[in-house]
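Written below as structure tokens is the structure these notes are about.
None of the figures in this text is laboratory data; all of them are computed from the coordinates on show. In this text the structure is predicted, and so the values were computed from the model without any measurement. As a convention, Cβ positions derive from the backbone with ideal geometry for all residues, glycine included, and neighbour counts pool all protein chains shown.
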Amino acid sequence: MHTVTTQPIEGQKPGTSGLRKKTLVFMQAHYLENFVQSVFDAIGGAAGKTFVVGGDGRYFNDRAAQVILRMAAANGAAHVIVGQGALLSTPAASHLIRLNKTDGGLIMSASHNPGGEDEDFGIKFNGPNGGPAPEGLTDKIFARTTEITAYQITDAQDVDLNTIGTAALGDMKVTIVDPVADYAALLETLFDFDAIRAMIKGGFRISFDAMNAITGPYATEIIENSLGAAKGSVVHGTPLPDFGGMHPDPNPTWAHELMATMNGADAPDFGAASDGDGDRNMIVGPNVYVSPSDSLAVLAANAHLAKGYTQGLAGVARSMPTSAAADRVAEKLGMPCYETPTGWKFFGNLMDDGRVTLCGEESFGTGSDHVREKDGVWAVLMWLNILAKRKMSVAQIMQDHWQTYGRNYYSRHDYEAIDSDIANTLVADLRAKLADLPGQTVQGRTIANADDYSYTDPVDGSVSDHQGIRVIFDDGARFVIRLSGTGTSGATLRLYLEALELDPANFDHDPQDALASIIAAAEDVAGIKARTGRSGPDVTT
Ligand code: G6P
Ligand code: ZN
């Protein structure tokens, strides 16, 4: 073991979900090492502890895993559990942390960002509950990166991570596990696999696009091998270091191949895609796209049909920019509904405290308290379970849902890689005029409320300010503007749009048409196009 002298490297502040940078930035001398040592320091040292390590297989995943192992050994860790090939989806890592009652885990991923030498890499620490480090801890980690002077690392050969079994690195034990097995076993306790098998046997066809990222092995094992879907139901099923050039973000823009399949002739009955590290999901039926906010609401209304949730849900939580569709379900079913800032980490306390079972975000994340991350494959199985039990198509489920609860028309417009100064000024100017907005009329709509969202965690009382600007009209329609915390180049500005429709005659509009006056009002108030010079969003969900 030896101590390497280092100095702080600027910019190691974890964002919405860990530290994400260009891969070449991470590959600079001491960059990864400084951050990993800062994590160990911030959690009170690694001595005697057990960690889970794995990642989504993107470029540098394998090298970074070896560095983390050598540093864990040098810092006195007792045991590291690694996925074979250094692979683990984010939800599977969360499960292993919990299952083995470890002290946490290091997950290598930049989630839905593209991978490769010229693209993105990332790393995040999840705590003993299996969830992303809360803000208090990420602040500590960041503080440590600004004062670090040395890190510990052993001199050793690479550990063979390709063979399942145990190995040693100095005094530290390394266990190499099948990345899929424990996770698949967990899902089998939650869902009615027999009902899904029977539905598939009856001719139900699935297309799951793993986008050459981590869910390939999980979906192949569960959907094809275990549930009996035809070979080829999983598309792009082999994780590749550069995701085969795909941008593994399951939304209509980036998962366009799946959209074409689902909107084409002879579309399968059900389509889904997941992201780089397997925590996101997009659900599609033949010619129907299910917005993530609607998906959360449908799962909330139907979860009791899955065997892990027959007792009903303790409550549901959604991020603030997510539509209120889930709130309407919660109200009807008489369960609490919580609103949190963007970022899965905010759900952790609510789940640990037993307040909520189901959580979801407009950013294509849904999950439950079976782990402490959102979970793409879980969401797919929950949908399949519901479809198998209700014996309805995706389109019928949606129609039925809107008939019962009304339709919260929803869309998000992303303006990516815009100049950071322009983005920051736009938000600052908007913030400065918030107090004047109530009472004003724009595009024939009256603004009832405008604020900068602040959250007080009901469990630990911690406060998170500046979590997004909300402009709410007198009929409850609204738009929200916030800057993404997950991008790596320039700023990404997100505009979230929502309006509730209760008249069944109006349930079949294109959301862009239904929301047109709100889109125009947002432009009048914030001037996104005018200030950025863009003609429209890069991504529309
Ligand atoms: C990640 C986080 C989510 C978050 C999403 C979008 O996937 O895990 O919790 O909603 O990023 O975050 P952003 O800050 O880019 O809007
Ligand atoms: Zn992800």
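Restricting to DSSP H runs of at least four residues, report the calculated mean residue ellipticity at 222 nm for the chain, -39500 (n - 2.57) per run over all residues, nearest 500 deg cm²/dmol.
Numbers: 18 runs with 172 residues, N = 541.
So the helix-based figure for the chain works out to -9000 deg cm²/dmol.
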(message) Quick one: the Cα spread of the chain along its three principal axes, in angstroms, biggest first?
(response) 69, 59, 41
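Please report the relative contact order for the chain, taking Cα pairs under 8 Å with a sequence separation of at least 6, and give it as a percent rounded to a whole number.
Numbers: 1252 pairs, mean separation 71.4, N = 541.
Relative CO of the chain lands at 13 percent.
Based on the Cβ-Cβ distance from Thr238 to Asp352, what FRET efficiency comes out when R0 is 41 Å, to the nearest 0.05? Write out the running numbers ahead of the final one.
Details: r = 36 Å, r/R0 = 0.87.
Between Thr238 and Asp352 the formula returns 0.70.
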(message) A 22 angstrom limit on the alpha carbon distance is what I want to check against. Which of Lys21/Lys345; Lys49/Lys374; Lys21/Lys124; Lys21/Lys101; Lys49/Lys101; Lys13/Lys101 exceed it?
(response) Lys49/Lys374; Lys21/Lys101; Lys13/Lys101
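Plugging the Kirkwood radius over Cα pairs into Stokes-Einstein for the stretch 318-363, at a temperature of 25 °C and a viscosity of 0.890 mPa s, what D comes out in µm²/s? Spell out each step's value before the answer.
Working: Rh = 10.7 Å.
My calculation gives 229 µm²/s for D.
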(request) Using per-residue counts of other Cβ atoms within 10 Å, averaged over each peptide, order 26-39, 290-303, 72-85 from highest down. (result) 290-303, 72-85, 26-39
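Run through the DSSP bridge list for the chain and note the antiparallel percent, rounded to the nearest 5. Walk me through the numbers before you get to the answer.
On the way: 62 of 89 bridges.
Once the DSSP bridges in the chain are tallied, antiparallel ones form about 70 percent.
Sort the stretch 2-178 into rounded, prolate or oblate with this rule: let a ≥ b ≥ c be the square roots of the eigenvalues of the Cα gyration tensor; rounded if a/c is under 1.5, and if a/c is not under 1.5, prolate when a/b is larger than b/c, oblate otherwise.
On the way: a/c = 1.26, a/b = 1.15, b/c = 1.10.
Verdict is rounded for the stretch 2-178.
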(request) Assign unit charges at the C-beta atoms only (+1 for Lys and Arg, -1 for Asp and Glu), then state the dipole size of the chain relative to its Cα centre in Debye, rounded to the nearest 20. (result) 660 debye
(message) Using the basic label-point model (7 angstrom from Cα toward the beta carbon), what is the Ala516 to Glu339 distance in nanometres?
(response) 2.8 nm
(message) Cut-off is 10 Å between beta-carbons; in what order do Glu416, Glu373 appear when sorted fewest neighbours first?
(response) Glu416, Glu373
(request) Under 17 Å from a label point 7 Å along Cα→Cβ of Thr532: give me every residue in the stretch 412-440 with its amide N that close. (result) 412-431
(request) Sticking with the crude label model, points 7 Å out along Cα→Cβ, report the distance from Ser462 to Glu147 in nm, one decimal please. (result) 1.9 nm
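Would you mind finding the longest exposed-site-free stretch of the chain, with exposed trypsin sites (Lys or Arg not before Pro) meaning DSSP loop and at most 11 other Cβ atoms within 10 Å?
232-390
Taking only the Cα atoms of the stretch 1-87, how large is their convex hull per residue, in Å³?
Working: hull volume 9.2 nm³, N = 87.
Residue-normalised Cα hull volume stands at 106 Å³.
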(request) Within 10 Å of each residue's Cβ, count the other Cβ atoms and sort Val316, Val284 from fewest upward. (result) Val284, Val316
(request) Give me the distance between the Cα centres of the stretch 346-399 and the stretch 154-225, rounded to whole Å. (result) 20 Å
(request) Considering the convex hull of the alpha carbon atoms of the stretch 407-540, report its projected area averaged over all viewing directions, in nm², one decimal. (result) 9.4 nm²
(request) Label the stretch 104-203 by shape, choosing from rounded, prolate and oblate, from the square roots a ≥ b ≥ c of the eigenvalues of the Cα gyration tensor; if a/c is under 1.5 it is rounded, and otherwise prolate applies when a/b is larger than b/c, oblate when it is not. (result) prolate
(message) Give the separation of the Cα centroids, the stretch 1-51 to the stretch 432-486, in Å.
(response) 35 Å
(request) Kindly put Thr540, Thr322 in sequence by how many other C-beta atoms sit within 10 Å of each C-beta, fewest to most. (result) Thr540, Thr322
(message) Can you compute the FRET efficiency between Lys332 and Glu523 using 1/(1 + (r/R0)^6), with r the Cβ-Cβ distance and R0 = 30 Å? Round to the nearest 0.05.
(response) 0.30
(request) Name the shape class, rounded, prolate or oblate, that the alpha-carbon gyration tensor gives for the stretch 190-305, where a ≥ b ≥ c are the square roots of its eigenvalues, rounded holds for a/c under 1.5, and otherwise prolate holds if a/b is larger than b/c and oblate otherwise. (result) rounded
(message) 7 Å from Cα along Cα→Cβ at both Asp436 and Gln396: what's the point-to-point distance in nm?
(response) 5.5 nm
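Per Stokes-Einstein, at 20 °C and 1.002 mPa s, what whole-number D in µm² s⁻¹ belongs to the stretch 421-473, with the Kirkwood radius over Cα pairs as the hydrodynamic radius? Before the final figure, lay out the partial values.
Values: Rh = 12.4 Å.
It comes out at roughly 172 µm²/s.
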(request) Would you mind getting me the FRET efficiency between His304 and Gln403? Use the beta-carbon distance for r and R0 = 25 Å, nearest 0.05. (result) 0.85
